[in-house]
C-alpha cells in the first residue's frame, strides 16, 4: 500500500517545481477574468471544469475585448485540440467505470503527461495522476485568490515566472530526441511554430506545429 501511494507522491513531487508557477498564473487568470466582467463564480467554475490555462486566457481576452461567446468558444476548442492525441496516447491507462475515467482524465494536462512519459509510447499512470492532482489544486486555488485578491499579487512576468513553462518543456523534450525521427519531428514543429507566430493568433502556432508528430508514425505491415 505504501508503495502504491508513493508513486502518486512521486508524481506530485515531480510537478512541485512548476506548481508554484501554475498557482501564480491561476491567480493571474482570476484577476483577468474578473476584470473582463466574468464576476467571481464563473472564473472558479471555469478553472474547476476546464483546467486549461491557454484556453481560459483566450476566452477572457476575447470577452474582455468585446468578442462574442462563439468566438471565445472556438478559440478555446482550437487551443485544446492538442489534447485529442495526448488523451489517445494515455487512454489505456484509465480503467474502471466511466465516471471514474472521466474524473481522472481531468488531470491530463501538458505537464502531467510529459512528466509521466517513460519513452517509447509508455506512460506511468500514477505519476500522471499525482502530478495532475497537484497542478489542478494549484490552478483552482490560484484562481480563487486571483478573483478575490489578485491586485496584491502583481504581474508574474515581473518575477520571471513566464519563462518557467518553456524551460520545463525544453528539459522534458531533451531526452526524447535520441531517435532521428523524433529529432526531425521536433525540428519541423519548431519551424512551423516560428513561421506562424508573426501571422496567426496566439496558440494557433502550437496547434499547427503538432502536425509534425505525423513524422513519428510508422507503417505497420
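The values are calculated or read from the model by the stated rules, or taken from the named source; none is laboratory data. Nothing here was measured: the structure is a model prediction, and the numbers come from that model. Positions of Cβ are backbone-derived with ideal geometry, glycine not excepted, and every protein chain shown enters the neighbour counts.
Data overview
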{"item": "Residues within segment 108-150 that are over 24 Å from residue 30 (Cβ atoms), in contact (Cβ under 8 Å) with a residue 40 or more places away in the chain and crowded, with 17+ Cβ neighbours inside 10 Å, tallied", "result": "10"}
{"item": "Search result, residues across segment 189-221 that are at pLDDT 85 or above and within 21 Å of residue 89 (Cα to Cα)", "result": "189"}
{"item": "Residue 61 vs. criteria surrounded by 11 or more Cβ atoms within 10 Å (Cβ to Cβ) and in contact (Cβ under 8 Å) with a residue 24 or more places away in the chain", "result": "yes"}
{"item": "Conditions (1) modelled with pLDDT under 85; (2) part of a helix (DSSP H, G or I); (3) loosely packed, with under 12 Cβ neighbours inside 10 Å; number of the one not met by residue 75", "result": "(3)"}
{"item": "Residue within segment 84-107 that is within 23 Å of residue 145 (Cα to Cα) and buried (at least 19 other Cβ atoms within 10 Å of the Cβ) present", "result": "yes"}
{"item": "Of the criteria (1) touching a helix residue (DSSP H, G or I) at 6+ places or on another chain (Cβ under 8 Å); (2) closer than 20 Å to residue 16 by Cβ, which one residue 119 fails", "result": "(2)"}
{"item": "Residues within segment 32-53 that are at pLDDT 80 or above, surrounded by fewer than 23 Cβ atoms within 10 Å (Cβ to Cβ) and either in contact with a strand residue (DSSP E or B) (Cβ under 7 Å, 6 or more places away or on another chain) or in a helix (DSSP H, G or I) (or both), tallied", "result": "10"}
{"item": "Subset of segment 83-114 (residues that are outside any helix (DSSP H, G or I), farther than 19 Å from residue 176 by Cα and within 17 Å of the chain's Cα centre (by Cα))", "result": "106, 107, 108"}
